[in-house]
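Reading through the structure tokens given below for one structure.
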Amino acid sequence: MKQISLDDLNRAELNNQPGRTAFIKEWGNFEFDFGQEGTSKFYIVCAVIVEDSNLSQLEESLGKIGLTDEDQVRVRTLNEIIQLDFTLILLIADKVRFFQDVPLTNFKGSFVKHLYDRLYKSLYHAYPTLQIAEDQTGISEFLAGFKDYVGREWPVQNLFDQYDFDFVAGPDRGPSQLAEWISVTISRQLQGENTSDYLNILYWKILSIEKIPGDNAVNLNPAADNRKFNQDIADLAFRKARAYIREHERDEEIEKRLQVSFLKYLIFEAQYGNPYKFITSKQILSILSNYADTRISKDFLYRKIVAPLRDARVVLASSPQGYKLPISVEDISAYLHQTNSIIAPMLHRMGLCREVIRQQTGGKLDVLAEDEFLKYKKYFD
């Protein structure tokens, strides 16, 4: 008889999600001779994830819209498809930077293996159980290698004797065509062609986007007020956040997974949104509820996500406007002012309570004399 472990029971909760299928397409090649014509400077992996119950409707809707290669109508097409039910996970690899940052001779081998690893972790973190569609005409070199990598490196079976990622036969139309079309669309923007900001249009469909190599600093908006930026604080905040993600992105405990999702979203907003803007709790709760497949409350956000992260020395900024990764002294001050506005009145009332009781008992009873309250006693004394 198969023994069921505590890990299996934890995974059963994670597996209780709607069935989903990922359609993965890539753009670019694995060459590193940038002086040779045809060598791409970027490699893009686009995963379109669809709930299985929505597959037919999505395919029908895409058939009506049509995925054209005419650039002049590409923006209009994007604005139509973002109304449909799907999410995106993107990997964007800057091969030139990878070439410069990785001191190895076998660039292709290390590059492709790194892509496999990052793609697996991005998919697994968002959806612990997932079907990955293989086109009827066959899968690409990249996806074939990814399939081998998953089977070799992460052959984990769950409580139901199923693998986390099942590779299944899928249609080579509809969502598969969409993944390919989006990867080509993004490539045109990255290559510096005279295009609109396609990534910004896709913003609300992107569940996660990872740049390879990873950025070590926030991408500042040149139009923003740079007097509100402190390099040391920004570097510290991003370094702490990324270190926590690396340490816990394979954890299966739902609270840890949501903490990692929260940090990834703050990084995403800083890199692709406005790094100076606080993100509202409502917006964060919407994203996290999507990850958890259940409604996340504001109280849960603070007690089970934000507070444990701060206890782990992750540096976060908060204000009545929401949360963000701090990039300035002003951000830290906003957090301290918010905390002080809560703590100061509570301490004042504590002092009043103590004083009233001391007066009533002629100074014989000090409610703060107990060991657990001595730090408050010292504060008031």
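Quick look at the values:
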{"quantity": "Some residue of the stretch 63-83 being of a type in the set (Gly, Ala, Ser) and within 30 Å of ASP33 (Cβ to Cβ)", "calculated": "no"}
{"quantity": "Set ALA344, ALA270: member being within 30 Å of LYS205 (Cα to Cα) and either surrounded by fewer than 13 Cβ atoms within 10 Å (Cβ to Cβ) or touching a residue at least 24 places away in the same chain (Cβ under 8 Å) (or both)", "calculated": "ALA270"}
{"quantity": "Filter result for the condition that a residue is open to solvent by 50 Å² or more (accessible area, probe 1.4 Å) and touching a helix residue (DSSP H, G or I) at 6+ places or on another chain (Cβ under 7 Å), over VAL356, VAL329, VAL367", "calculated": "VAL329"}
{"quantity": "Helices (runs of 4 or more DSSP H) enclosed by the stretch 259-371 - at least 3 residues per element that are in contact with a Ser or Thr (Cβ under 9 Å, 6 or more places away or on another chain)", "calculated": "281-292, 329-360"}
{"quantity": "Residue that is farthest from PHE229 (Cα to Cα), among those in the stretch 298-324 that are in contact with an Asp or Glu (Cβ under 8 Å, 6 or more places away or on another chain) and either open to solvent by less than 30 Å² (accessible area, probe 1.4 Å) or of a type in the set (Ser, Thr, Tyr) (or both)", "calculated": "ILE305"}
{"quantity": "Given (1) under 26 Å from PHE262 (Cα atoms); (2) modelled with pLDDT of 95 or more, index of the condition ASN219 fails", "calculated": "(2)"}
{"quantity": "Qualifying residue in the stretch 282-295 (condition: under 17 Å from the mean Cα position of the chain (by Cα) and open to solvent by 90 Å² or more (accessible area, probe 1.4 Å))", "calculated": "yes"}
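Residues checked against (1) open to solvent by less than 40 Å² (accessible area, probe 1.4 Å); (2) in a loop (DSSP other than H, G, I, E, B):
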| position | (1), (2) |
| --- | --- |
| ALA22 | yes, no |
| PHE30 | yes, yes |
| ASP33 | no, yes |
| THR39 | yes, yes |
| GLN57 | no, no |
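The values are calculated or read from the model by the stated rules, or taken from the named source; none is laboratory data. Here the structure is a predicted model, which means the values were calculated and not measured. All Cβ positions, even for glycine, are placed from backbone atoms using ideal geometry, and neighbour counts span all protein chains on display. Just so you know, the surface numbers come from the protein's heavy atoms only, side chains and all, with ligands and any DNA or RNA stripped out. Shrake-Rupley method; radii C 1.70, N 1.55, O 1.52, S 1.80 Å.
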